[in-house]
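Once you've had a glance at the structure underneath, I'll fire off some questions.
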């Protein structure tokens, strides 16, 4: 989902996607605009608390400890944040191509998260070539977490 600076529709979207039940992973909301504390308050108040949410801030003004503390209070992850209080991590890998060494480095970054009992959701971007599934399979091989975890 993309916010475009508005929170209307978040409730309806959450209601619709919650029908996926146990197949539903975290929902990513892309936040394009610069920091707006009032918007963040409205957005966080609009999120269904039983669902997992990851906010993808695209403007650097959001990247500070105060914002992270607000997300932590709600158990909301910030996309690509390694340190947060959410019970999962949401990672977007957006710079293909990836060598085996690159993927091994990502696996080394993910392993401690899994060891700490966190669920890790890692997504690869692909635009020109359909390489993301191949990268994901290789990353899964390299991660030393529990089978099926």
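Readers should treat all values here as calculations from the given coordinates under stated rules, not as data from a laboratory. Model, not experiment: these values are computed from the prediction. Glycine gets a Cβ as well: all are built from the backbone with ideal geometry, and neighbour counts include every protein chain shown.
Sequence gap at least 6, Cα distance under 8 Å: using those rules, report the relative contact order of region 55-106 to the nearest whole percent.
24
In whole Å, what is the distance between the alpha-carbon centres of region 4-75 and region 79-149?
Taking the Cα centre of region 79-149 as reference, the centre of region 4-75 is 21 Å away.
Next question. Going by average Cβ density within 10 Å per residue, which order do the peptides 47-59, 106-118 take, highest to lowest?
With the highest mean Cβ count within 10 Å placed first, the list reads 47-59, 106-118.
Separate question: Counting only DSSP beta bridges with both residues in the chain, what percent are antiparallel, rounded to the nearest 5?
Details: 0 of 14 bridges.
Here the share of antiparallel DSSP bridges comes out near 0 percent.
Determine the relative contact order of the chain: mean sequence separation of Cα pairs under 8 Å and six or more apart, normalised by residue count, in whole percent. Write out the running numbers ahead of the final one.
Working: 196 pairs, mean separation 24.4, N = 149.
About 16 percent, as a whole number.
Could you calculate the FRET efficiency of residue 48 with residue 80 from 1/(1 + (r/R0)^6), where r is the beta carbon distance between them and R0 is 35 Å, rounded to 0.05?
Calculated value: 0.95.
With just the Cα atoms of the chain, tell me how far they stretch along each of the three principal axes, in Å, largest first.
Dimensions of the chain along the principal axes of its Cα atoms: 43, 31, 30 Å.
Any chance you could give the angle, 0 to 90 degrees and rounded to 10, that helix 37-46 forms with the longest Cα principal axis of the chain?
80
Hey, what angle do you get for helix 100-115 against the long axis of the chain, alpha-carbon based, 0 to 90 degrees rounded to 10?
For helix 100-115, the angle is close to 60 degrees.
Is the shape of region 47-129 best called rounded, prolate or oblate, per the rule: a/c under 1.5 gives rounded, else a/b larger than b/c gives prolate, else oblate, with a ≥ b ≥ c the square roots of the Cα gyration tensor eigenvalues?
prolate
Oh, and also: For a quick protection proxy, order the peptides 78-89, 62-73 by their average other-Cβ count within 10 Å, most packed first. Spell out each step's value before the answer.
Values: 78-89: 16.8, 62-73: 13.9.
For the peptides 78-89, 62-73, the packing ranking is 78-89, 62-73.
Here's a follow-up. Helix 132-142 versus the longest principal axis of the chain: what angle, 0 to 90°, nearest 10, using Cα atoms?
70
Please report the Cα spread of region 1-80 along all three principal axes, rounded to whole Å, starting with the longest.
34, 22, 19
Moving on. Go ahead and estimate [θ] at 222 nm for the chain from helices alone: -39,500 (n - 2.57) per DSSP H run with n ≥ 4, summed, over the residue count, rounded to 500.
On the way: 5 runs with 55 residues, N = 149.
That calculation yields -11000 deg cm²/dmol at 222 nm.
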